[in-house]
1. On a full-extension model of 0.36 nm per residue, what is the gain between residue 124 and residue 31, subtracting their alpha-carbon distance, rounded to one decimal in nm?
2. How high is the relative contact order of segment 120-200, in percent, counting Cα pairs under 8 Å that sit 6 or more residues apart?
Amino acid sequence: MLTYEDVWEELLNALEDSGLELFDIQHFIETGSCLREFRCFCQVPDATVHSELKTEIAFLWDARMTASSLYEPVETSKQFLEDTHNLKQVGPFKRSQLSGPILELEIKYYFPAKDFQWAGFLSRRVQSIISHMVEPQNSPEVNFEISVDSDQQVQIHRAYAIYRWPIQLDSYETHFDALGNEISRILEAMHHSGHFEESL
């Protein structure tokens, strides 16, 4: 079974091999429960330092997953993770259709959005760009984090499209190369789409 270290090391290598620039690589651990969290950001090489067009990749790894990956045989690991997650449906993927222990990577594509009046148009454009480059089950959800001031003006603080990428932990073929290439193509397409305020 893949370990926490296997996953993030192979992921970073694949993102770099796809030509993306990595930054803000983070590891967190909650000392009480030993829950571990990984996240990193990447952008296309010619993007500005503070570009709003970027991708965040993150995943959670709990203490039982650590114990399972280090000390238990594969069969026990499979049963543990299937019981833990109750084979619940996550996004368009049904866990019952995937064999073995599953980890989900959360993929977020951030994009600039200043005027809330254009939120619907931007949502459709982002969904169109991403949907043409991913598997049908990875159709993204677009989110806007907003606030409304005393004058009833809507301010957008963050905008992003999100989907999840499941990997089987009992396999040593993570297919992160495919993910890295996918992220690179999507970011390039968003940069060159002409629908955002930023350009290369």
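Readers should treat all values here as calculations from the given coordinates under stated rules, not as data from a laboratory. Just so it is clear, the structure is predicted and the values come from calculations on it, not from any experiment.
1. Difference between extended and current length: 29.4 nm.
2. Dividing the mean separation by the residue count of segment 120-200 yields 26 percent.
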